[in-house]
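In what follows, a single structure is set out as structure tokens and then discussed.
The values are calculated or read from the model by the stated rules, or taken from the named source; none is laboratory data. Fair warning: this is a prediction, and the values are worked out from it, not measured in the lab. Here Cβ is always computed from backbone atoms with ideal geometry, including for glycine, and neighbour counts include all displayed protein chains. Ligands, DNA and RNA are excluded from the accessible area calculation, which covers all protein heavy atoms including side chains. Shrake-Rupley method; radii C 1.70, N 1.55, O 1.52, S 1.80 Å.
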Amino acid sequence: MKILLKWLLSAVALLCVAYLYSGVEVRSFGAALIAALLIGLCNAIVRPVLIVLTLPVTILTLGLFIFVINALMFWAASGIAGSGFVVHGFWAALIGSVLYSIISLVIESLTGRLLLGK
């Protein structure tokens, strides 16, 4: 149940990003659900490998290269998702991934407080 809630809230966060930033387009809630699933899969499977492979660059840039990896995962998910989720270029992916992370963090913080009763 908790995984389904997280998936739905990730889709809502993606819709918020599309509303706030014109470089990211989400055409429907169904497309947002698919995109959220793809972003989660990319972050779970591909991202750890990329982090290990780019560790020297990440250390050299004091961790800032992680933003590039996050943007690439966001952009890759849009490439896989098709026309329902569109990211217009790398810079749009970078800004979109930062917004998505911030909004997801806020949503998870609020729902964590509601579920725990704090």
Spin-label pair residue 54/residue 102, simplified geometry with 7 Å Cα→Cβ offset, distance in nm: 2.1 nm
Would you list 61, 54 from the most to the least accessible area, probe 1.4 Å? 61, 54
What is the sum of charges, Lys and Arg at +1 and Asp and Glu at -1, for the other residues whose Cβ falls under 14 Å from the Cβ of residue 17? 0
Probe of 1.4 angstrom, ligands and nucleic acids ignored: what's the accessible area per residue over the chain, in square angstrom? 61 Å²
Gap separating the Cα centres of region 21-35 and region 42-58, nearest whole Å: 25 Å
Principal axis lengths of region 57-100 from Cα atoms, whole Å, largest first? 36, 17, 15
If you split all Cα-Cα distances of the chain into 5 Å bins from zero, what percentages do you get per bin, shortest first? 2, 12, 21, 23, 18, 13, 8, 3, 0
Could you tell me the relative contact order of the chain? Use alpha-carbon pairs under 8 Å, at least six residues apart, and round to a whole percent. 33 percent
